[in-house]
Amino acid sequence: MAAEETGGVGRAPACLCVLCGLPAAGKSTLAREVLSTAAQRGWRASVVPYDDLILEHAFQTRVVEVDGVKREETHTEWKLHRQAVLRCVEQFLKKPQVLAELPDSRRINRAAWERCIQALLQPGALDRSQADQPPLLFLLDDNFYYPSMRYEVYQLARKYSLGFCQVYLQCDLESCISRNQTRSGPIPTEVISEMVKRLESPNPQKNSWETNSISLNTTDDLSKCDVQRVMELICSSLSNPLSPAEVDTEQKEADRLKCATSVVHQTDQACRRHISEAMKTARENQAPPEHMRALAAQLNESKATFLHDLRRRLFQEVSFAQDEDIDVERVVKRAVDVFDREKEEILLRITNENG
């Protein structure tokens, strides 16, 4: 079934290689080196640069007002844009001859995608028999700081019996910030500093699907040995494609991942309601404006920290290979109870501070 679905790829070996790490960790530099080596071997290889493919408005922030306090909130549609990138990759795997269509042109930069796939269209490559086609390599270049982001790529590789591997570029924060500042369009330093708190590197011990991963220390310049290690990893992945035969096991892991995501989302919604109730009570008690502003700021900051810690526990500390199912309702209730205790402490502290 996989060979039939992939169309142009067929029996030609193919691999999805995830490059993950902080901004300015060296992913683009590594990608160029791998592309050069792949070209020398006659492979079809291309970089999938998420920053270029995802339209800019997906990352814009907007100012929202919550109980009289204005704060910036990141646009949440970026998840849909990320999924659109993988749909483009999937469409090429199925129908490489169809270049004019995009699964979702509203969320993908057409010019960037066309540049991405031009490198894969070697003269006469699509006219060869499936068995004679050269290996196909997609290098997915993004931060991929959550395992759930990388797991989506793994699922695509599993679906089409492709090779899958991950390269984590480990670079200290100071070096990333320094390199970023030399770029023509630097990312705000606070964005990188915040991302280092969220970054969860590949962990084969907890996630069996991350077994085919390596880590490179890129604080210093890349070496020929580093590039060689990556090429060996990719070659191994090409020779050992994933098998859909284990779909039941992988589906269970996917279901657990969805459950964990649902826990975070439902807890977020519940915490928002509790904050609104606390603000409403304070307003009914005629709390002064400065009291209201301090209360809103501290409650929202506490919620953000609480949800970040909850996400880390669910996605990093809980193994999705466990036999026990996640009881979403129970976990959400327990999490909200913990947040409620924090909320009461904040209310008491602010009340005392304001006499």
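Every read-out reported here was derived from the displayed coordinates using simple, explicitly stated rules and does not represent laboratory data. Keep in mind that this is a model prediction, so the values were computed, not measured. Don't worry about glycine lacking a Cβ; one is built from the backbone with ideal geometry, like all the others, and counts go over all protein chains shown.
Neighbours of Thr37 by Cβ distance under 15 Å: Lys/Arg scored +1, Asp/Glu scored -1, total +2.
Here is the link list: Lys280/Lys303; Lys79/Lys343; Lys197/Lys343; Lys159/Lys197. Which ones come out longer than 20 Å on Cα distance? Cα-Cα > 20 Å for Lys79/Lys343; Lys197/Lys343; Lys159/Lys197; rest within. Modelled this way, with points 7 Å down the Cα-to-C-beta line, the labels at Ser178 and Arg330 are 5.1 nm from one another.
Using the average count of surrounding beta-carbon atoms within 10 Å as a protection proxy, the listed peptides 81-93, 136-148, 331-343 rank, highest first, as 136-148, 81-93, 331-343. Taken over the Cα atoms of region 185-239, the convex hull encloses 136 Å³ per residue. Give me the base-10 log of I(q)/I(0) for region 126-203 at each q in 0.15, 0.22 Å⁻¹, Debye formula, one uniform scatterer per Cα, rounded to two decimals. Results for region 126-203 at q = 0.15, 0.22 Å⁻¹ read -0.70, -1.08. The HN-Hα couplings worked out from phi for region 181-198 by the Karplus form 6.51 cos²θ - 1.76 cosθ + 1.60 (θ = phi - 60°) are 5, 8, 7, 5, x, x, 7, x, 4, 5, 5, 5, 4, 6, 5, 5, 6, 8 Hz, whole numbers, x standing for Gly and Pro.
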